[in-house]
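What follows is a single structure, written as structure tokens, with notes after it.
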Amino acid sequence: DQAGDQAGDEYSDDDPSAVTDFHPVLDPHGTWKEDPKFGTIWVPAPAVVGATFVPYQTGGHWVYGDDYTWVSDYDWGWAPFHYGRWAFTEGGWGWIPGRVYSPAWVNWRVGAPGFGFVGWGPMAPTWGWRGGVVSPFSFAYEPRYSYCATGDLFNRGISGRVLSGPRVAQAEAGTKPWAG
């Protein structure tokens, strides 16, 4: 049952089973660590995801049905891209387990009609795990956004279409958080 399928999920997001139930799927592809700021996190192995891994940018693409959905190229991607939250740590990206399904746990940035860029970033986590117990965060966390041309959002090679350099500042200045 992929740790609680989306149709039958009866768990709260901070159900303690999130800390253990994803191990069989994720253990072969990364390492579980105790991060001093975020608690128990899973870090994907660079040999698996590449040295420049960014969640919701690397190894997958966006589709739209009833909502914007991240389709991962990784066979284990159904877990960390649809449950839990990603956080940027001192050691790179780490995943905080959660039990509620979402097509993608991201925040969006959009511009005025006709503006040429769109942005998205992993939704900020508000709690983590310490010793298997949920621990609310007492610090602010700003999402890290990726931007691309609006016409490139559904490109299967999205990681190659993400903006860099001065165009990132242009995209950020021309967008605002989407209140959906």
Every listed condition ((1) more than 11 Å from the chain's Cα centre (by Cα); (2) closer than 27 Å to PHE22 by Cβ) holds for ALA169 save (2)
All but one of (1) more than 30 Å from VAL63 (Cβ to Cβ); (2) open to solvent by 40 Å² or more (accessible area, probe 1.4 Å); (3) not polar (S, T, N, Q) hold for ARG156; which doesn't?
(1)
I'd like the residue in region 107-125 that is under 18 Å from ASP14 (Cα atoms) and in contact (Cβ under 8 Å) with a residue 40 or more places away in the chain and, out of all such residues, is surrounded by the fewest Cβ atoms within 10 Å (Cβ to Cβ).
PRO125
Of all the residues that make up region 52-86, how many are among the hydrophobic types (A, V, I, L, M, F, W, C) and farther than 14 Å from PHE22 by Cβ?
6
Does TYR83 satisfy being part of a loop (DSSP other than H, G, I, E, B), open to solvent by 50 Å² or more (accessible area, probe 1.4 Å) and either among the β-branched types (Val, Ile, Thr) or out of contact with any Pro (no Cβ under 6 Å at 6 or more places or on another chain) (or both)?
no
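The values are calculated or read from the model by the stated rules, or taken from the named source; none is laboratory data. Quick caveat: nothing in here was measured; it's all calculated off a predicted structure. As a convention, Cβ positions derive from the backbone with ideal geometry for all residues, glycine included, and neighbour counts pool all protein chains shown. Remember, those area values only see protein heavy atoms, side chains included, never the ligands or the DNA or RNA. Shrake-Rupley method; radii C 1.70, N 1.55, O 1.52, S 1.80 Å.
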